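Accompanying notes for the structure given below.
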Amino acid sequence: MDVVITEDTLWLVTLWIADFIETLPTEINAIWRKKLTGASVLFLINRYIFLLYLIFEMFTNLSDNQKNKECDVNFNILNVLQILAIATTNVLFALRVYAIYNKNRIILGTCSVFIISRLVIDILVQITSQGSSSAGTQFQSFSACVINVPDSNVYSQVEFVIPFITLGYDIYIFGLTMRKTIDLGFKMKRQGQTSVAHVIVQDVVLLTAIIDAILARVSLHVSIHHNQQHMFIANLIDNNISSPFFTLLPNMLISRLMLNLRTFPTPGTGDTLTTSQRAQC
């Protein structure tokens with residue numbers, strides 16, 4: 001089974017790069033001009049690995065007359081970059097809730113289970129697929145490479161798990177964030193002062209949008225998974241439309257959250273996050 005790599009993700013790349021350019025001045029002031037912490041380094045790794053991934057993906061998709069070996073090498077490089085970007089994004093979310101809950105190890109351990117599970121599944125997906133040239137296929141006119149899946153049953157079963165792990169992790173992060181938002185809101189009201197709660201509220205709104213979108217993706221998987229006749233369509237949609245979306249949106253979200261928390265005013269009477277907590281974020 002072949003799944004085409006199309007140019008449909010171009011608008012997503014444009015969206016991310018526009019956001020990158022918009023937030024670059026904030027990044028320079030909040031990250032580069034301050035002492036680098038472990039979280040800051042991880043943030044930079046995540047941000048620039050994803051930028052490299054998008055650039056390389058555009059180059060791969062728009063190149064012509066690629067041979068099977070070239071497509072497979074490009075496919076493997078893209079997969080490695082994507083896996084690293086997803087893993088570091090998830091780790092940054094974990095560090096964030098770990099920090100706002102005063103370094104709760106249970107929370108960190110639970111997040112680790114989700115992160116490791118997703119990492120293992122992503123690696124399995126890469127192992128069960130390979131890149132090949134689109135020459136001689138019906139996709140040759142608009143894509144240089146396709147994803148070749150030798151065993152579609154194994155690939156589909158492994159790939160089927162991804163949205164459920166993603167949904168579970170995002171709901172967990174959402175619940176913890178919502179709880180902290182409510183707590184900070186009550187503290188702010190009692191003190192009659194401003195706090196970092198409004199920054200976390202932005203997080204909750206965006207996480208809600210992501211969860212709603214993932215629920216739609218899960219519904220698509222469930223409705224099509226047991227119908228082998230439509231399995232090709234499901235994988236086509238997932239690999240070309242939904243997968244880039246669910247990789248890109250959380251990456252944009254964590255970048256903005258990190259920068260927002262870094263640029264929040266220095267801790268005072270109304271700021272309920274300590275300096276050490278913000279450094280972890």
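The values are calculated or read from the model by the stated rules, or taken from the named source; none is laboratory data. Quick caveat: nothing in here was measured; it's all calculated off a predicted structure. Heads up, the Cβs are rebuilt from the backbone with ideal geometry, glycines too, and the neighbour counts pull from every protein chain shown.
Checking region 116-129 against the condition returns a match, with at least one residue being touching a residue at least 40 places away in the same chain (Cβ under 8 Å) and closer than 24 Å to Ser40 by Cβ. Scanning region 88-133 for residues that are out of contact with any Cys (no Cβ under 6 Å at 6 or more places or on another chain) and assigned to a strand (DSSP E or B) yields one hit, Gln130.
Conditions (1) under 25 Å from Thr181 (Cβ atoms); (2) at pLDDT below 85, marked per residue:
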position: Ile45; (1), (2): no, no
position: Leu54; (1), (2): no, no
position: Met58; (1), (2): no, yes
position: Leu62; (1), (2): no, yes
position: Ala99; (1), (2): yes, no
position: Val113; (1), (2): yes, no
position: Leu119; (1), (2): no, no
position: Asp122; (1), (2): no, no
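Of all the numbered requirements in (1) farther than 17 Å from Leu253 by Cβ; (2) surrounded by 14 or more Cβ atoms within 10 Å (Cβ to Cβ); (3) modelled with pLDDT under 85, Leu15 misses one, and that requirement is (1).
Out of everything in region 96-114 that is surrounded by 21 or more Cβ atoms within 10 Å (Cβ to Cβ) and within 17 Å of the chain's Cα centre (by Cα), what residue ends up being nearest to Arg256 (Cα to Cα)? My answer is Arg96. Looking across region 28-63, the residues that are under 12 Å from Arg262 (Cβ atoms) and either loosely packed, with under 12 Cβ neighbours inside 10 Å or of a type in the set (D, E, K, R) (or both) come down to Ile28, Trp32, Arg33, Lys34, Lys35, Leu36. Picking from Asp72, Asp151, which residue would you name as being free of Cβ contacts under 8 Å to residues at least 24 places away in the same chain, farther than 30 Å from Thr177 by Cα and not basic (Lys, Arg)? Answer to the selection: Asp151. Please work out if Val205 is at pLDDT below 65 and either in a helix (DSSP H, G or I) or in contact with a Pro (Cβ under 7 Å, 6 or more places away or on another chain) (or both). Spelling it out, Val205 is indeed at pLDDT below 65 and either in a helix (DSSP H, G or I) or in contact with a Pro (Cβ under 7 Å, 6 or more places away or on another chain) (or both). If only residues of region 128-159 that are β-branched (Val, Ile, Thr) and within 15 Å of Cys71 (Cβ to Cβ) are counted, the one that is modelled with the lowest pLDDT is Thr137.
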